[in-house]
């Protein structure tokens, strides 16, 4: 069973989105003293939701493709039905990724708007 080419792209995009989500969750308001707390939280919620959607869409697509390929081996359906289901899954994934991308862009716009595009202040040394 060879992986579907879009599954490889979905895996790569899913890993990148997961890394960005991790990086976003590690940001603290103390690192951006010029940004007020409500704006920081607004940006953080928007960014995390966008990245979570991207991660879920990518890994969900891969898992669904694997499950469907196993199902089609156990319970074969006519080829046109299999193709229709496969194309529907791919188009659904593309649609979710477009929505995630638009939300990523909005979160970046919020970051620029509130001044988070500048470098964060490093935390003080604990020593």
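Read the figures in this text as sums done on the coordinates, not as results from a lab. All of these numbers come straight from a predicted model, not from anything done at the bench. When we count neighbours, we look across all protein chains shown, and the Cβ atoms used for this are built from the backbone with ideal geometry, even at glycine.
Of all residues in the stretch 30-48, how many are in contact with a helix residue (DSSP H, G or I) (Cβ under 9 Å, 6 or more places away or on another chain), farther than 15 Å from residue 109 by Cα and surrounded by 14 or more Cβ atoms within 10 Å (Cβ to Cβ)? Selection size over the stretch 30-48: 1. Residue 116 meets all of the listed conditions (1) touching a residue at least 40 places away in the same chain (Cβ under 8 Å); (2) under 29 Å from residue 5 (Cβ atoms); (3) in a loop (DSSP other than H, G, I, E, B) but one, namely (2). Of the residues 105, 27, 52, which is part of a loop (DSSP other than H, G, I, E, B) and either in contact with a helix residue (DSSP H, G or I) (Cβ under 7 Å, 6 or more places away or on another chain) or farther than 19 Å from residue 4 by Cβ (or both)? Checking each option against the conditions leaves just 27. Residues that are over 18 Å from residue 90 (Cα atoms), part of a helix (DSSP H, G or I) and touching a helix residue (DSSP H, G or I) at 6+ places or on another chain (Cβ under 6 Å): does the stretch 56-70 have at least one? No: zero hits.
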